[in-house]
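The values are calculated or read from the model by the stated rules, or taken from the named source; none is laboratory data. Treat the numbers as computed from the prediction; the structure is a model and nothing was measured. Backbone-built Cβ (ideal geometry, glycine too); neighbour counts: all protein chains shown. Surface accessibility is based on the protein's heavy atoms, side chains included, excluding ligands, DNA and RNA. Shrake-Rupley method; radii C 1.70, N 1.55, O 1.52, S 1.80 Å.
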Amino acid sequence: MPRKLAAVLLAVAFAAGCAAEPGFTATLTDPVNVDLSWPDDDPDVAGRIVEYTTDPHGEYTILQFVPPRQTTYRHPDLMPETRFYYRIRPFYGAASEAVTVSGPSASGSGPAVSLRTGGQAAAPAAFRAEPAAEEMVRFSWADRSSDEDGFLVEIKKPGAPDFVPIEMSDPGTTSAGLASMPGEEGASYRLRAFYYGPASPVLDRTTGKG
């Protein structure tokens with residue numbers, strides 16, 4: 001299964017809710033590059049989703065899931081003379097214990113509880129990473145949350161400071177597959193059940209002639 005984070009389309013309308021993001025800015029640093037920035041002002045956030053569209057009434061495309069302390073993102077090499085619309089959304093949730101490929105599965109059991117109120121009791125249980133054909137890694141887990149918006153497979157490569165999301169699965173799913181990439185040998189993985197926070201206001205910038 002290919003990695004979906006950079007290309008998956010979200011059919012969630014802007015009217016689903018917006019919240020003030022006081023320091024959210026979009027700067028056209030040269031004719032075809034836009035730099036986004038926002039404050040690190042939410043100690044509970046698990047990360048943020050950077051999204052864009054060229055149609056303010058259409059679907060948004062995910063540019064990246066960024067870790068909680070990251071506060072900038074560059075959207076590079078854009079189509080000239082085009083208006084781009086940007087927003088960011090925080091996401092929250094509970095993560096499983098970390099595992100390695102072919103290592104023991106994560107622990108945990110119990111009935112499904114609300115991700116918004118259940119805390120770590122809503123984290124996925126029995127998370128496991130196993131090698132599969134064609135240099136794939138297969139993940140499986142038990143869903144313990146009753147109201148997630150989806151699941152994020154997160155990776156921590158050897159020497160990396162923290163986990164970062166690399167794959168998104170739909171709510172209610174209990175398995176996923178991912179192609180193994182160079183440099184991921186010996187990596188640790190964990191799975192986060194997550195839900196979206198309200199979107200920021202939309203900012204737009206029009207690129208130059210290139």
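Mind checking region 87-129 for trypsin sites (Lys or Arg not before Pro) that DSSP puts in a loop (not H, G, I, E or B) and that have at most 15 other Cβ atoms within 10 Å?
Details: sites: ARG87, ARG116, ARG128; in loops: ARG116.
Those satisfying the criteria are ARG116.
Taking the Cα centre of the chain as origin and assigning +1 to Lys and Arg Cβ atoms and -1 to Asp and Glu Cβ atoms, the resulting dipole is close to 100 debye. The distance from the alpha carbon centre of region 145-181 to that of region 27-106 is 15 Å, rounded to a whole number.
Below 10 angstrom from the Cβ of ARG190, what's the summed charge of the other residues (Lys, Arg +1; Asp, Glu -1)? Before the final figure, lay out each step's value.
Numbers: positive: LYS156, ARG192; negative: GLU97, GLU154.
Cβ neighbours under 10 Å give a net charge of 0.
Please report the orientation-averaged projected area of region 69-210, defined via the convex hull of its C-alpha atoms, in nm². Present the calculation step by step, with values, prior to reporting the outcome.
Values: hull surface 42.8 nm².
Its average projected convex-hull area is 10.7 nm².
Averaged per residue, the chain has 48 square angstrom of accessible surface, using a 1.4 angstrom probe with ligands and nucleic acids left out. The label-point distance for ASP35 and MET136, in a model that sets each label 7 Å from Cα toward Cβ, rounds to 4.1 nm. Across all Cα atoms of region 86-141, the radius of gyration (one decimal) and Dmax (whole number) stand at 14.2, 41 Å.
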